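Heads up, the thing below is written out as structure tokens.
Laboratory data are not the source of any read-out in this text; all were calculated from the coordinates shown. These figures come from a predicted structure and were not determined experimentally. Using ideal geometry, Cβ is built from the backbone for each residue, glycine included, and neighbour counts are taken over all protein chains shown.
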Amino acid sequence: MPRTIPAHDLRRLRNALPFWLPLLTVPLAWVGATRGGWTVFLLPAFTWLLFDVLDLVTGLNTDNADTETAESDLFWYRLVTLLWLPAQLTIQFGTIWWVTRSGHLAAWEQIVLFFGIGVISGAVGIVYAHELLHQKNRVERWLGDLLLASVLYSHFRSEHLLVHHRHVGTPRDAVTARYNQGFHRFLLRVVTHCPPSAFRAERQMLARAGRPVWHRSNPFWRYALLQALMLAAAFAAGGWTGLALFLWQAGVAVWQLELVDYIEHYGLTRRHLGDGRYEPVRPHHSWNAAHRASNWFLINLQRHSDHHWKPDRRFPLLQTYDATEAPQLPFGYPTMGVLALVPPLWRRYMNPKVRAWRRQFYPDIADWTDYNRGTLPLPKGSA
């Protein structure tokens, strides 16, 4: 039976420690950089393999924390998200500095090592940035900006807060994967659509305040400056080779993030009410996974329905839902990500689940053609 976790349990360090497991990637990156050989595969194995195995061993966690828990009782959970920025910068720039000076790693070892670093920057770094950007604390939001800049994906903040959360499940949101859309087509759509989409959303916000697009409050100035500083730091740490390795890990990080994005809302759409109006976001508009270990790794991102219901709710307090309220994935995001890389396999496995979801929540809708194609009207007032 699911239970409610009281505040006095949440404040204990031992209960927060599983969420600190990603910090183990710092020594793993160092081992790969100094030893080479098979050790350069440790980071992707840690991300994709270890937590798949742990999910099988630890099973599901359907317990929910008391949502009235005071923020002071979440100290140990918040601390790991604050510590991740220096950890990630150490992994990225420390490894660039060492690899470009030691000269003992072959080209293939460097490529694999920084592929693993990119996987961590995406699966941990951007997920932690996502948590931080949703908070009201200005320091946390700045830490989130720095994490995004370290993978050259700063526009994610604007796109996520101003577009995705407002328009998820509608044609305006490129991050809602359409039914039957393969991951690789989805990825191309997201990386080409989202940067200008984020800029339009910010321009619309500035216009409402009576400000021009070049006003200093436009966050794209900050995004450009932070990303330029990251590129300069990579060049300073390792020259042209260091810059190339930095760009490689940033590209992998974006690929890893969008693999998760693809899973979160695949085929799930909000009902069109006519005249560009859509029903409110509900728990059944996100795929969820109650798998314990992968939620440790992804700081409860798989409790995605509750995140969309309460976007600023801190990750230890996110609630899980049962299958009567929200669709459930059979595996955690890491395993589902492997399936997504093979579109025919993904469609064979997930399309029947989407059709079952439609029968469960929208039995009255007979024709899904416009939903599938994304040809419904854009939401009213969207940029």
Inset, instruction - Mind telling me which of the residues L317, L298 ends up being crowded, with 19+ Cβ neighbours inside 10 Å, touching a Gly at 6+ places or on another chain (Cβ under 9 Å) and of a type in the set (A, V, I, L, M)? - result: L298
Legend entry - Candidate set: region 27-78, residues that are aliphatic (A, V, I, L, M) and surrounded by fewer than 16 Cβ atoms within 10 Å (Cβ to Cβ); chosen: the one nearest to A289 (Cα to Cα): L60
Legend entry - Which listed residue is part of a loop (DSSP other than H, G, I, E, B) and in contact (Cβ under 8 Å) with a residue 24 or more places away in the chain, from R178, R157, R211: R178
Legend entry - Top-ranked residue in region 283-307 [being free of Cβ contacts under 8 Å to residues at least 60 places away in the same chain and among the charged types (D, E, K, R); ranked as nearest to V260 (Cα to Cα)]: R303
Inset, instruction - Filter region 128-148 for residues that are surrounded by fewer than 20 Cβ atoms within 10 Å (Cβ to Cβ) and assigned to a loop (DSSP other than H, G, I, E, B) and give the result. - result: Q135, K136, N137
Inset, instruction - Could you tell me whether A123 is small (G, A, S), over 21 Å from L74 (Cβ atoms) and surrounded by fewer than 23 Cβ atoms within 10 Å (Cβ to Cβ)? - result: no
Legend entry - Which listed residue is without any contact (Cβ under 8 Å) to a residue 60 or more places away in the chain and assigned to a strand (DSSP E or B), from L273, L345: L273
Legend entry - Residue list for region 363-372, filter: out of contact with any Ser or Thr (no Cβ under 9 Å at 6 or more places or on another chain), surrounded by 13 or more Cβ atoms within 10 Å (Cβ to Cβ) and not β-branched (V, I, T): D370
Legend entry - Test: residue in region 250-270 that is among the aliphatic types (A, V, I, L, M) and more than 23 Å from the chain's Cα centre (by Cα): no
Inset, instruction - Select from region 1-23 the residues that are surrounded by 12 or more Cβ atoms within 10 Å (Cβ to Cβ), among the aliphatic types (A, V, I, L, M) and either without any contact (Cβ under 8 Å) to a residue 40 or more places away in the chain or over 28 Å from E109 (Cβ atoms) (or both) and list them in ascending order. - result: I5, A7, L10, A16, L17
Legend entry - Verdict on R303 being buried (at least 22 other Cβ atoms within 10 Å of the Cβ) and either farther than 30 Å from E140 by Cα or basic (K, R) (or both): yes
Legend entry - Hits in region 1-47 (condition: small (G, A, S) and farther than 30 Å from S72 by Cβ): A29, G32, A33, G36, G37, A45
Inset, instruction - Report whether or not V260 is among the hydrophobic types (A, V, I, L, M, F, W, C) and out of contact with any Gly (no Cβ under 8 Å at 6 or more places or on another chain). - result: no
Inset, instruction - Give the residue, chosen from L60, L82, L43, L56, that is more than 22 Å from L231 (Cα to Cα), more than 20 Å from the chain's Cα centre (by Cα) and touching a residue at least 40 places away in the same chain (Cβ under 8 Å). - result: L60
Inset, instruction - Report whether or not R166 is under 20 Å from A224 (Cβ atoms), in contact (Cβ under 8 Å) with a residue 40 or more places away in the chain and outside any loop (DSSP other than H, G, I, E, B). - result: no
Inset, instruction - Sort out which residues of region 212-256 are under 24 Å from L188 (Cβ atoms) and of a type in the set (S, T, Y), and write them in order of number. - result: Y223
Inset, instruction - Would you check which residues across region 71-108 are aliphatic (A, V, I, L, M) and in a helix (DSSP H, G or I) and list them? - result: L74, L79, V80, L82, L83, L85, A87, L89, I91, I96, V99, A107
